[in-house]
Ligand code: UD1
């Protein structure tokens, strides 16, 4: 008797060795997709591919490639034929750096997307999932924020690249290009894979809250600075919607299924990917201490320029339309971030 194995559908993941990318590759492989990763390794390491293999038992295809390299991308699509869809993570993402080096950000983040969109029809790639951000809402007038809230002028070149990229996708689709797109607006992704083999590994001093917090808890940093306790919030610190990175990764698999199964209601769809729960910086610190039993050294300092006071998602549209929901508790998420930090020390990395 012959058993015909169903052909696995091939997905390209740009930035696939990065933080959110690597977790998404795991979930795609678990869901039966074949993954081709490209990454220029500017902010990640090739050994992430080994760890993806350890977690899933499957080694994804990996090519070191920069999305700015149009010819390289063209060759890649010819080498790995039949790519059905792309998840485009590859981007520069440090808000402060983007203010200092705007052209670097505009070039990296805009040209990469333009190159991919230009090559998709030529190589028969049907769809793209784009990593957008709640930063497009600025400080929303109403909370929780829905996808219909107006976008506000970006606070940084980084934020502006997310807005412009959303518009580029819409304009290309409006022009008649045979491209289906889903824009996922992430809130604040945190945590690590439960295996502690994958997680966030920032270069240098972390700018984001959780890596700075776990590095402080383990003794790499002396003190966590809480940026402001005089905001118009119950405890005075800023409020965000912290979303578990594995839950976030799963949203991408559902988005890919939706595109390939032709279930979209419009050629470009937008979804908020958050929990619907706002937590203040101080609440998050206390939740970390309670769920890990580790005491954190922190101090209140002045506000950080450009910070939004409070933002959290209304995820109803994603919940109802995608059938996706954030599932992991904040306690499990914070424990996973801590376990990852401990594992990094065991591996002698940090
Ligand atoms: C920012 C961007 C977001 C981007 C993300 C990833 C904006 C408005 N948001 O999110 O688009 O996707 O970075 O790079 O541009 N905090 C401290 N102490 C610290 C670090 C942070 O108190 O040492 C506070 C911040 O004031 C903020 C919260 O923790 O209230 C979260 O900060 P962070 O992790 O940097 O993310 P965002 O600024 O929300």
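General remarks:
- Annotation note: of 225, 175, the sole residue that is more than 19 Å from the chain's Cα centre (by Cα), within 24 Å of residue 112 (Cα to Cα) and surrounded by fewer than 21 Cβ atoms within 10 Å (Cβ to Cβ) is 175.
- When 143, 184, 113, 104 are checked against the criterion of being more than 21 Å from the chain's Cα centre (by Cα) and in contact (Cβ under 8 Å) with a residue 12 or more places away in the chain, 143 stands alone in meeting it.
- Breaking point among (1) more than 9 Å from the ligand (Cβ to nearest atom); (2) touching a strand residue (DSSP E or B) at 6+ places or on another chain (Cβ under 7 Å), for residue 218: (2)
- Selection within segment 221-232 - part of a loop (DSSP other than H, G, I, E, B), touching a residue at least 40 places away in the same chain (Cβ under 8 Å) and within 10 Å of the ligand (Cβ to nearest atom): 223, 228, 229, 231
- Just one of (1) away from the ligand (no atom under 16 Å from the Cβ); (2) over 30 Å from residue 153 (Cβ atoms); (3) modelled with pLDDT of 95 or more fails for residue 349. It is (3).
- The listed residue being within 13 Å of the ligand (Cβ to nearest atom) and surrounded by fewer than 21 Cβ atoms within 10 Å (Cβ to Cβ), out of 311, 301: 301
- Selection from segment 151-171 of residues that are modelled with pLDDT of 95 or more and surrounded by fewer than 21 Cβ atoms within 10 Å (Cβ to Cβ): 151, 160, 163, 164, 167, 168, 170, 171
- Test: residue in segment 258-279 that is away from the ligand (no atom under 13 Å from the Cβ), under 23 Å from residue 337 (Cβ atoms) and either modelled with pLDDT under 95 or in a helix (DSSP H, G or I) (or both): no
- One residue alone among 324, 340 is surrounded by 21 or more Cβ atoms within 10 Å (Cβ to Cβ) and either within 12 Å of the ligand (Cβ to nearest atom) or in a helix (DSSP H, G or I) (or both), and that residue is 340.
- Residue among 47, 66, 39 that is surrounded by fewer than 21 Cβ atoms within 10 Å (Cβ to Cβ) and under 15 Å from residue 89 (Cα atoms): 66
- Residue that is nearest to residue 24 (Cα to Cα) [pool: residues in segment 199-215 that are more than 8 Å from the ligand (Cβ to nearest atom), modelled with pLDDT of 95 or more and under 14 Å from the mean Cα position of the chain (by Cα)]: 199
The values are calculated or read from the model by the stated rules, or taken from the named source; none is laboratory data. All values reported here derive from a predicted model rather than from experimental measurement. Cβ sites come from the backbone with ideal geometry, for glycine too, and all protein chains shown count toward neighbours.
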